[in-house]
Amino acid sequence: MSYLDQLLFGYYPYICLTVFLLGSLLRFDRDQYTWKSDSSQLLRAGQLRWGSNLFHVGVLFLLGGHTVGLLTPHFMYDAFISAGNKQLMAMVSGGFFGVLGFIGVSILLHRRLSDDRIRLNSKTSDIFMLWLLWVQLALGLATVPLSAQHLDGSMMMKLAEWAQRILTFRAGAPELLAEAGFIFKMHMFLGMSIFLVFPFTRLVHVWSGVGTLAYIVRPYQLVRSRRLGMTPSTPLSQRQN
Ligand code: HEM
């Protein structure tokens, strides 16, 4: 195994994860007013509706799919689905949602670069990040025909084992990628890099999107009307109109 492989797939994941977690925490602590999705809807709504919706539907599915697909240990699904069929499912669903996301991000990128008002209001990080996502989605889609050349699921199993070893701090992770092709490795490298730049961009809004799930289990809101002189403990007969 080359030193570069060891560096990029053995050490780099930990650098990215550390910057991602610590960086997000520090930004939330220090700069809460910059913690936003920075919508440009007020500047131009038309193309945003299609671009943003297609992109978000695609990318949210891919995010969930990658998390479940890569991090579920083999023994947990072994009895229900073979590695080959799991790979096929990932290729078909990932291909479909990948195309949606790619069309979406292409519209967003076109809109950001071609509309003067949006361009003037864009930070370098906004444009850089859209390009990063564009290339990353293109690379992800390019892996689909490559995976079709080995439908037994063996490569996918190795990639999943790599991710699980990294996250559980087990040795021998980069060695698993010995046979992975250049496109796979680029896709993995850029994927990790998205975590690296995450805290420095508007991507921090993804934390808030995930955080909204807490609304499902939070206690209901208690509304007390000062005008009507009502508190929950005031009996009805004593309340003023
Ligand atoms: C977790 C749920 C998410 C929610 C609720 C959410 C919500 C939003 C909102 C409200 C905006 C601003 C409105 C707009 O411009 O469309 C936005 C923009 C954006 N989001 Fe998300 N988002 C989520 C997840 C993600 C994910 C996973 C990514 C990519 C990894 C992402 C990338 C972006 C980008 C690049 C923009 C800027 C689009 C542009 O104007 O050029 N979002 N998001």
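The values are calculated or read from the model by the stated rules, or taken from the named source; none is laboratory data. Predicted, not measured: the structure shown is a model, and the values here were computed from it. Here the Cβ is made from the backbone with ideal geometry for all residues, glycine too, and neighbour counts use every protein chain on show.
I need the helices (runs of 4 or more DSSP H) fully contained in segment 57-168, keeping only those with at least 2 residues that are within 16 Å of the ligand (Cβ to nearest atom), without any contact (Cβ under 8 Å) to a residue 12 or more places away in the chain and of a type outside the set (D, E).
Working: elements: 74-77, 83-114, 116-120, 124-147, 154-167.
It comes to 116-120.
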message: Take the conditions in a loop (DSSP other than H, G, I, E, B) and aromatic (F, W, Y) and apply them to F184. Does it pass?
response: no
- prompt: Of all residues in segment 43-57 being surrounded by fewer than 19 Cβ atoms within 10 Å (Cβ to Cβ) and among the polar types (S, T, N, Q), which is farthest from V99 (Cα to Cα)?
  reply: Q47
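If the requirement is being of a type outside the set (D, E), at pLDDT below 90 and over 20 Å from L70 (Cα atoms), which of these qualifies: V197, V223, V135? Can you show your working first?
On the way: V197 fails: at pLDDT below 90; V135 fails: at pLDDT below 90.
Being of a type outside the set (D, E), at pLDDT below 90 and over 20 Å from L70 (Cα atoms) holds for just one of V197, V223, V135, which is V223.
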